[in-house]
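Asker: Below is one structure. I have some questions about it.
The values are calculated or read from the model by the stated rules, or taken from the named source; none is laboratory data. Predicted model, so just to flag it, every value in this text is computed and none were measured. Note that we place each Cβ from the backbone using ideal geometry, even for glycine, and neighbour counts take in every protein chain shown.
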Amino acid sequence: MFRNRSLLQYDSDGPSIGLITGVVILCLLVFGAVSVLFHRYVFRKRIREYMKTTLEFEEFEELMLHSQRERHEKLDEVVAGRDIIHGVTKLSKENVKSLAVIGIFGNSISGTSRLIALECAEWLEFETVQRPFDKLPEELKDKTIYFFYGWFGYWNDDLCSLEQVTKTLDFLAGVFSSEKPNNIKVIICMRSDLYDKYSTDLQKYEKLFENRLELTQRKRDEYGIHVDEKIKDRCKESDCGCKAITVDMLSKGKDTFIGIPLKINILTHFHELTSHYVNDRDILKVMKNHITALKEHDVYRWIKYICLKGQLSHSVFDVDLAKDIGIGEEHFDEENVYFKKYFTKNKLEKEETYVFWHPFIYICAFHSLYETEAFFVIAHCNVDAILQLLRPKDTVTSYIEISADEHHVSAFYERLKTINLHKKYDNHPLVRKAHQIGAEQIKK
């Protein structure tokens, strides 16, 4: 019988209701966890079974879409789930060792490649390694998917990288032609214009490129969904310029060199620029002018520093350059909302570094700096960026390249000589132009 006891207690000779409830809840939690693990085990087992069989694509697509929903919150780019499914479908086959992901600049080729590597590695129970193409590891590890990026230049074609490209491709071809069996897979992520330009040189490596995933422009209604969800629906101002943004506008401006996915991401990141873009459909010009207008803002100094150095590294911090710009390492704040808007932590390197969140944002910053401080850029900017983005005035330039006058060409050549790189880049148009200028001056 009960006597001066809590309503949650039985008599002294019986167990308490609280204890029984706790045991029941614990059992339910354990059962739930086991069920989730079992479901995941069965799911992975079905994926691995697919890799050894010939299930219809639609059946595998259903499995992968389940995974895509789980990983959806990690997608910070306009990436097509179906492209990832196609890529995983190809790369996961036992006899497929390499996958080439080809697409126009700004068409999410890096984001798509990265997600293919992550998804495929998860289901195969492999590891993933992401590296610039010119930073090969001493040896490739078994049961690993390697994602190589930045072919022919991280920002643009540097015109002198073919030797390094062939060196890397020779190494990879040697790994896969070896009689020693291995479980190594490779993703080659490359811009379509560079792939086409160097197609003759790449023919030798046909085996590495035989499994291709070509990222073409998608249907307009697919992009329309992203425009609505990422740009328009998030804005509560009825008279905002974003309401005028259309897929047709994004596809027919002066910036057709840049893929629509990147333009959507930029206008999402920098919503305040939507009105400017409506008035002038040139995403590079809009971003360049935006960065130039930041000149009195603290973040501009970091934009300048990271553009000149190519990245922000605490272990190799250029104190002298930072002093010229007006910043110190103690001013660095990665949690600053403005800092996050332009930069991201580079997770591909062992060392903690910070870079612009997309190479195109770097290109816009370079254009802004060169327009306002050309000689400072020539004197202090990392050589790779200058070689990739500057061209002599008398040569044809692409949308992202800049024409350099003779004074700037000559100044850059003198800098190359002081750091003993002029011979290495002897065939680059900037160096050839410098030789021409020098010869003409001698004649005079």
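Asker: In the range 124-154, which residues are acidic (Asp, Glu) and under 21 Å from residue 310 (Cα atoms)?
Answerer: Restricting attention to the range 124-154, the residues satisfying the condition of being acidic (Asp, Glu) are 125, 127, 134, 138-139, 142.
The answer is 134, and nothing else.
Asker: Taking the condition surrounded by fewer than 19 Cβ atoms within 10 Å (Cβ to Cβ) and among the small types (Gly, Ala, Ser), does residue 379 pass?
Answerer: On the way: surrounded by fewer than 19 Cβ atoms within 10 Å (Cβ to Cβ): yes; among the small types (Gly, Ala, Ser): yes.
When the stated conditions are applied, residue 379 passes them.
Asker: Residue under question is residue 393, and the condition is that it be surrounded by fewer than 16 Cβ atoms within 10 Å (Cβ to Cβ), closer than 30 Å to residue 256 by Cα and touching an Asp or Glu at 6+ places or on another chain (Cβ under 7 Å); does it hold? Steps first, please.
Answerer: Working: surrounded by fewer than 16 Cβ atoms within 10 Å (Cβ to Cβ): yes; closer than 30 Å to residue 256 by Cα: yes; touching an Asp or Glu at 6+ places or on another chain (Cβ under 7 Å): yes.
Against the criterion (surrounded by fewer than 16 Cβ atoms within 10 Å (Cβ to Cβ), closer than 30 Å to residue 256 by Cα and touching an Asp or Glu at 6+ places or on another chain (Cβ under 7 Å)), residue 393 qualifies.
Asker: Let me ask something else. So residue 412 clears everything in (1) hydrophobic (A, V, I, L, M, F, W, C); (2) touching a strand residue (DSSP E or B) at 6+ places or on another chain (Cβ under 7 Å); (3) buried (at least 21 other Cβ atoms within 10 Å of the Cβ) except one condition, right? Which one?
Answerer: Answer for residue 412: the failing condition is (2).
Asker: What's the total number of residues in the range 393-427 that are outside any helix (DSSP H, G or I) and over 23 Å from residue 361 (Cα atoms)? Give the derivation first.
Answerer: As a first pass, look at the range 393-427 and keep what is outside any helix (DSSP H, G or I): 393-405, 419-427.
Right, trim to over 23 Å from residue 361 (Cα atoms) and you get 393-395, 405, 419-427.
Within the range 393-427, residues that are outside any helix (DSSP H, G or I) and over 23 Å from residue 361 (Cα atoms) number 13.
Asker: Out of the residues in the range 291-342 meeting the condition of being of a type in the set (Ser, Thr, Tyr) and surrounded by 14 or more Cβ atoms within 10 Å (Cβ to Cβ), tell me which one is farthest from the chain's Cα centre (by Cα). Break it down into steps so the answer makes sense when it comes.
Answerer: Looking only at the range 291-342, we keep the residues that are of a type in the set (Ser, Thr, Tyr), and these are 292, 300, 305, 313, 315, 338, 342.
Still in the running and surrounded by 14 or more Cβ atoms within 10 Å (Cβ to Cβ): 292, 300, 305, 313, 338, 342.
Working: 292: 24, 300: 22, 305: 21, 313: 19, 338: 20, 342: 14 Å.
The selected residue is 292.
Asker: Does the range 266-280 include one or more residues that are outside any helix (DSSP H, G or I) and either in contact with a helix residue (DSSP H, G or I) (Cβ under 6 Å, 6 or more places away or on another chain) or closer than 22 Å to residue 339 by Cα (or both)? Spell out the reasoning first.
Answerer: The first filter runs over the range 266-280 and keeps only residues outside any helix (DSSP H, G or I), leaving 270, 280.
Add one more test, that the residue is either in contact with a helix residue (DSSP H, G or I) (Cβ under 6 Å, 6 or more places away or on another chain) or closer than 22 Å to residue 339 by Cα (or both), and what stays is 270.
Yes, some residue in the range 266-280 is outside any helix (DSSP H, G or I) and either in contact with a helix residue (DSSP H, G or I) (Cβ under 6 Å, 6 or more places away or on another chain) or closer than 22 Å to residue 339 by Cα (or both).
Asker: On to the next question. Go through the range 273-309 and give me each residue that's in contact with a Phe, Trp or Tyr (Cβ under 8 Å, 6 or more places away or on another chain) and under 21 Å from residue 258 (Cα atoms).
Answerer: Those that are in contact with a Phe, Trp or Tyr (Cβ under 8 Å, 6 or more places away or on another chain) and under 21 Å from residue 258 (Cα atoms): 283, 284, 286, 287, 290, 291, 307.
Asker: Could you run through the range 192-211 and say how many residues are loosely packed, with under 15 Cβ neighbours inside 10 Å and either out of contact with any Asp or Glu (no Cβ under 8 Å at 6 or more places or on another chain) or part of a strand (DSSP E or B) (or both)? Spell out the reasoning first.
Answerer: Narrowing the range 192-211 to residues loosely packed, with under 15 Cβ neighbours inside 10 Å: 196-197, 199-201, 203-204, 206-207, 210.
Right, trim to either out of contact with any Asp or Glu (no Cβ under 8 Å at 6 or more places or on another chain) or part of a strand (DSSP E or B) (or both) and you get 196, 199-201, 203-204, 206-207, 210.
Qualifying residue count, the range 192-211: 9.
Quick grid of which residues meet (1) free of Cβ contacts under 8 Å to residues at least 12 places away in the same chain; (2) hydroxyl-bearing (Ser, Thr, Tyr); (3) under 23 Å from residue 356 (Cα atoms):
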{"residue": "230", "(1), (2), (3)": "no, no, yes"}
{"residue": "238", "(1), (2), (3)": "yes, yes, no"}
{"residue": "244", "(1), (2), (3)": "no, no, no"}
{"residue": "253", "(1), (2), (3)": "no, no, no"}
{"residue": "261", "(1), (2), (3)": "no, no, yes"}
{"residue": "265", "(1), (2), (3)": "no, no, yes"}
{"residue": "273", "(1), (2), (3)": "no, no, yes"}
{"residue": "277", "(1), (2), (3)": "no, yes, yes"}
{"residue": "282", "(1), (2), (3)": "no, no, yes"}
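Asker: Right, here's the next one. Please state which of the following conditions residue 334 fails to meet, knowing it meets all the rest: (1) part of a loop (DSSP other than H, G, I, E, B); (2) without any contact (Cβ under 8 Å) to a residue 12 or more places away in the chain.
Answerer: So residue 334 meets the others, but not (2).
Asker: Quick check on the range 351-369. Is at least one of its residues within 28 Å of residue 131 (Cα to Cα), acidic (Asp, Glu) and touching a Gly at 6+ places or on another chain (Cβ under 8 Å)?
Answerer: no
Asker: Among (1) surrounded by 19 or more Cβ atoms within 10 Å (Cβ to Cβ); (2) at pLDDT below 95, which single condition is residue 156 missing?
Answerer: That leaves (2) as the condition not met.
Asker: With the structure loaded, tell me whether residue 194 is within 19 Å of residue 113 (Cα to Cα) and among the aliphatic types (A, V, I, L, M) or whether it fails that test. Lay out the reasoning, then the answer.
Answerer: Values: within 19 Å of residue 113 (Cα to Cα): yes; among the aliphatic types (A, V, I, L, M): yes.
Yes, satisfied.
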